[in-house]
1. Do the conditions hold for Gln189, that is, is it in a strand (DSSP E or B), touching a residue at least 40 places away in the same chain (Cβ under 8 Å) and not charged (D, E, K, R)?
2. Do we find a residue being in a loop (DSSP other than H, G, I, E, B), open to solvent by less than 20 Å² (accessible area, probe 1.4 Å) and more than 23 Å from Ala25 (Cβ to Cβ) anywhere in the stretch 232-245?
3. Output the residues belonging to the stretch 149-190 that are farther than 22 Å from Val229 by Cα and in contact with a Phe, Trp or Tyr (Cβ under 6 Å, 6 or more places away or on another chain).
4. Which pairs have Cβ atoms under 6 Å, sit 6 or more apart or on different chains, and link a residue in the stretch 102-125 that is modelled with pLDDT under 85 to one that is aliphatic (A, V, I, L, M) and open to solvent by less than 10 Å² (accessible area, probe 1.4 Å)?
5. Just a yes or no: is a residue in the stretch 218-226 part of a strand (DSSP E or B), within 16 Å of the chain's Cα centre (by Cα) and not charged (D, E, K, R)?
6. For the stretch 75-109, which positions are open to solvent by less than 20 Å² (accessible area, probe 1.4 Å) and either over 21 Å from Thr126 (Cβ atoms) or among the aromatic types (Phe, Trp, Tyr) (or both)?
7. Working only within the stretch 246-265, note down all residues that are open to solvent by 50 Å² or more (accessible area, probe 1.4 Å) and within 20 Å of the chain's Cα centre (by Cα).
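The values are calculated or read from the model by the stated rules, or taken from the named source; none is laboratory data. Bear in mind that the values here come from a model prediction, so they are computed numbers and not experimental data. Neighbour counts are summed over all protein chains in view; Cβ atoms, including those assigned to glycine, are modelled from backbone coordinates with ideal geometry. The area values use the complete protein model at the heavy-atom level, side chains included, leaving out ligands, DNA and RNA. Shrake-Rupley method; radii C 1.70, N 1.55, O 1.52, S 1.80 Å.
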Amino acid sequence: MAKKQLPSKRVVKLGRKLMGFGPIAHHWAIKVGDIWYEIAGLNSNLADVSDGNSWTIKSTTTINKSLGYHAKSGAGYYGGEIVGTTNKTDREISKWIEKWITDNPTYNLLGNNCHKFAYEFMVWLTDGLYRCEHPANSTGSDRSSNFFDFSGFATEQDGNAIASFSVAQGRGRLGLFEAKLQVGQVNAQAVCGPGLGVFLDTSLAEAKLDAGNIIGVRVGLNCNTGVGVRNGNLEGHILGFGGKIGADGIEINFPYAGMHACSIM
């Protein structure tokens, strides 16, 4: 009797793009294998945009698929960043997207937006075993995952090799404020296009609070060490001391605390 063939594991990436609403607005897209998935942009769906209470699009939410190094919208222009892996099949993905659209039929700039779709899609694809350092700017994305549950993944693609593990991670949201907790995190990464560098991010415990992409603070104990360019940022750290500048704005870090401001991409 022939054994049932398991679905092959594919890399999951997050792609981002600066939007036209100022330096704190970003479009998100998710790549699974060779396929990008994203909510159609505002301009392509625009109908009645004001009902007196919120900025919405009256038509049904549309999810676009595209092939290429970056998404059709331009998100992930430099290839995107690896956030995890998945065994989900294309058929399973189609069913999940159909249900997500049914549950979120109307686009809303602060609620049912590209961040909500990309974040919830990423969590589902990876079964909660993901690494994403960016706050999801959606009042509707309040999902948490993997509190006190060992998780991790290891993979490589396009000159980017990464192994990421944590004893616990989870996040919660209230309005535009997002809180994130990580315990026992180890992340090793070697980047050789796009970007270049070697990084070892380790923390005993860390708590973060972000107000959208405007400002964020963290407290915890870490000894992050590495230098180079990754995810659109030039960064350098030695035993927790250091910082970065670029796509995620300006960030200054110490072994026990850190702060960032003004993400621009």
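1. Yes.
2. yes
3. Gly152, Val167, Ala168, Gly170
4. As it stands, the answer is Tyr107/Ile57, since those pairs meet every condition given.
5. No, every residue in the stretch 218-226 fails to be part of a strand (DSSP E or B), within 16 Å of the chain's Cα centre (by Cα) and not charged (D, E, K, R).
6. Trp100, Tyr107
7. Across the stretch 246-265, the qualifying residues are Ile250, Met259, Cys262, Ile264, Met265.
Each row is one residue, and each column tells you yes or no for (1) open to solvent by 70 Å² or more (accessible area, probe 1.4 Å); (2) farther than 26 Å from Lys116 by Cβ.
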position	(1), (2)
Glu156	yes, yes
Gln169	no, no
Phe177	yes, no
Val198	yes, yes
Thr202	no, yes
Glu206	no, no
Asn222	no, yes
Thr225	no, yes
